[in-house]
1. On a straight-distance basis, which lysines could pair with LYS185 in a cross-link, Cα separation under 23 angstrom, same-chain partners fewer than 8 positions away excluded?
2. With the convex hull built on the Cα atoms of the chain, state its orientation-averaged projected area in nm².
3. ARG126: net charge of surrounding residues, Cβ under 10 Å, Lys/Arg +1, Asp/Glu -1, itself excluded?
4. Where a ≥ b ≥ c are the square roots of the eigenvalues of the C-alpha gyration tensor, would you call region 23-67 rounded, which needs a/c under 1.5, or, failing that, prolate if a/b is larger than b/c, or oblate?
5. What angle do you read, to the nearest 10 degrees and between 0 and 90, between the alpha-carbon axis of helix 215-227 and the longest principal axis of the chain?
6. Taking a cut-off of 12 Å between Cα atoms, list the aspartates and glutamates near LYS21, but don't count ones fewer than 8 places away on the same chain.
7. Mean-square fluctuation check for the chain, GNM, Cα pairs under 10 Å: which of ILE53, ILE178, ILE38 is largest?
8. What does the charge add up to near ASP56, with Lys and Arg as +1, Asp and Glu as -1, over the other residues with Cβ less than 14 Å from its Cβ?
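Nothing in this text is a laboratory measurement; each read-out follows from the coordinates by a stated rule. No experiment lies behind these values; they were computed from the predicted model shown. Cβ placement follows ideal geometry from the backbone for every residue including glycine, while neighbour counts extend to all protein chains displayed.
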Amino acid sequence: MRRIGLLGGMSWHSSIEYYTKINMAVSTRLGGHHSAQILLDSTDFADIRDLQITEDWAGADASLSSTAQLLVDGGAEAVAIATNLMHKCAPAIEASVDVPLIHIVDSIASVAKGAGHTTLAVLGTRATMCDGFYTERLEAQGIATLVSDEETCLEVDQIIFDELTQGVFTDASRARYIQIMNDLKARGADAVALSCTEIGLLVPPETAPLPAIDSVDAHVAAIVEWMMAEESVSAGV
């Protein structure tokens, strides 16, 4: 089993999901007392949030690249950013460390293509939906994307940062997100990417009004496949 380094704490509510789901997958696969080899850096999200608010992406690049290097120095053989939005910093992180970065967008694209989805609604922070780094990567892999209008994107973003990343999950916000998903479905989306790692805690995929890809689940699956690749090699597969 290879050791993964997780850049977490953004927010810690979803980092718990990563830690739990990776361990559950490894335990299911190997049985017995097996658990995952994980190095987790759980940052103080307030510092990262300040960089997001001021749009200091150079500062965010430097901060997360430093964290990634600490994980590599500690023995991580690949790194993964346990959040969607901060994949805006993925190019800087990839340039700063000499191990692979397991990209969340690629994992979502893989699940979407495997299920035959061609048009994904993207639901996440305003930057994730609108800044291009996320949707353009999906589109480069042959998947069309749909996002809401600017006003709705701001509403979705506000719910994420005022509620979800602080561990607040309300029926009113759940109903609003489902309404937004229905609107995107009516515009032609054949599936929705829950492209904020906390959205699946508010709207579990099985309760969504169209097929939903939880970014945490997709990312965890890709991480575990990478972690367990040595198993296949040693078994002669």
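1. Within reach: LYS113.
2. If I average the Cα hull's projected area over directions, I get 13.0 nm².
3. -4
4. On the way: a/c = 4.33, a/b = 3.55, b/c = 1.22.
Prolate, since a/c reaches 1.5 and a/b exceeds b/c.
5. 20 degrees
6. ASP217
7. Of ILE53, ILE178, ILE38, the Gaussian network model singles out ILE53 as fluctuating most.
8. Value of the local net charge: -2.
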